[in-house]
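To keep things clear, I will list the structure first and then write my remarks on it.
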Amino acid sequence: MNLLPPVSKRMRREFQQTGYAVMRGALPLNLTERWRQKAEQLKTNALTIERSDGEFKLVYRVVTGEVIQSQWPELFAFYSDPSIPGWTKDLTGENEIYTSSSLRSAVNLNIMENTDSVYRWHFDAIPYTLLLYLNDIVPEDGGAMQMVPGCEPHRVPDLERSHIVELWPTAGTLVLMDGTRCYHRVSQLLRSNTRFSIPLVYPNTERIQRPLGLDTYLYKKSA
């Protein structure tokens, strides 16, 4: 299932400079709608996560990779299709790109539904993440994808001095991001409205070691 556009020299050059690429309308409407309906069905399997770290908050719901592998085989087949890491390799210029050896975080369904929902500023532990969006995200609802692109890897920028890119994806949009160079977050929802996004992780090393405590922080269900 190859839904990604051909990689041009311009796309490669822009990705090298910024660390991200946006592909609007990459998923066909019928597929996007079918996957949105499946996401609605799997909401009952989601963990509720609430974390606070000073001024940074993490409040969202997540369906983990083990559940997706067993209960959403079509999405897991899309994640595992060799054409996706191949396309990512072509765009990023990496020698190799792999599917993740950490099933829990390899493919997730992230859900934000009410005005308490927010996903804190952070870098990802490893590159690369392909984000799929299943519904329109509009300013009146909040929930923008915000990022400071082109950072030095894992070097936190001064947000007051940085240019923050704000993305409002439509249903069917894909975003490829080097999350180690793009400092990013999801802004707080302004009104109750379900926001579905699907991060697919494609590391540039075959065996990954996630930082100690990261999975507990991201996936341990709140009391």
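The values are calculated or read from the model by the stated rules, or taken from the named source; none is laboratory data. Nothing here was measured: the structure is a model prediction, and the numbers come from that model. Note: ideal-geometry Cβ built from the backbone for every residue, glycine included; neighbour counts use all protein chains shown. Surface areas here come from the heavy atoms of the whole protein model, side chains and all, with no ligands, DNA or RNA. Shrake-Rupley method; radii C 1.70, N 1.55, O 1.52, S 1.80 Å.
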Q) In sequence order, what are the phi-derived ³J(HN,Hα) couplings for segment 115-125 according to the Karplus relation 6.51 cos²θ - 1.76 cosθ + 1.60 with θ = phi - 60°, rounded to whole Hz, with x for glycine and proline? A) 6, 7, 6, 7, 10, 4, 4, 6, 9, 7, 5
Q. When the chain is modelled as a GNM with alpha-carbon springs shorter than 10 Å, which of P127, P139, P149 fluctuates the most?
A. P139
**Q.** Residue among G93, G179, G19 with the largest mean-square fluctuation in a Gaussian network model of the chain, springs linking Cα atoms under 10 Å
**A.** G93
Q. Mind checking which of I164, I126, I97 has the largest fluctuation in a GNM of the chain, springs on alpha carbons under 10 Å?
A. I164
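At a 1.4 Å probe, what is the % contribution of carbon and sulfur to the accessible area of the chain? The partial results should precede the final answer.
Details: 5130 of 10850 Å².
In the chain, the share of accessible area belonging to carbon and sulfur is 47 percent.
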Q: Please give every one of the aspartates and glutamates within straight-line cross-link reach of K43, meaning a C-alpha to C-alpha distance under 16 Å, and leave out same-chain neighbours fewer than 8 residues apart.
A: E33, E66, E113
Q | Exposure of D90 as accessible area (Å², to 10), given a probe of 1.4 Å and all protein chains | A | 70
**Q.** Cut-off 16 Å (backbone N to label point 7 Å along Cα→Cβ of D81), residues of segment 24-43
**A.** 24-36
Q: Along Cα→Cβ, 7 Å out, is where each label goes; now give me the distance between the ones at Q37 and I164 in nm to one decimal.
A: 3.8
Q) Cα-Cα pairs above 18 Å in segment 97-165: how many percent? A) 53
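Where does segment 56-213 land on the Kirkwood hydrodynamic radius, alpha-carbon pairs, in angstrom? Don't skip to the answer; put the middle values down first.
Numbers: mean 1/r = 0.0617 Å⁻¹.
One over the average 1/r among Cα pairs gives 16.2 Å for segment 56-213.
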Q.
Need one number: nm distance between label points at T44 and S70, each 7 Å from Cα along Cα→Cβ, rounded to one decimal.
A. 1.5
Q) Roughly what would the spin-label model give for N114 and L29, points 7 Å off Cα along C-beta, in nm? A) 3.4
Q. Aspartates and glutamates within cross-link reach of K89: Cα-Cα under 17 Å, excluding same-chain residues under 8 positions apart?
A. E14, D81, D178, E206
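What length, rounded to one decimal in nm, is gained on full extension from R10 through to E140, with 0.36 nm per residue of separation minus their alpha-carbon distance? Each step should come with its number before you reach the end.
Working: separation 130, 0.36 × 130 = 46.80 nm, distance 3.28 nm.
So the chain would gain 43.5 nm between R10 and E140.
Specify whether the C-alpha gyration tensor of segment 3-69 places it in the rounded, prolate or oblate class, a ≥ b ≥ c being the square roots of the eigenvalues: rounded for a/c under 1.5, otherwise prolate if a/b is larger than b/c and oblate if not.
On the way: a/c = 3.08, a/b = 1.32, b/c = 2.33.
Oblate shape, in that a/c is at least 1.5 and b/c is the bigger or equal ratio.
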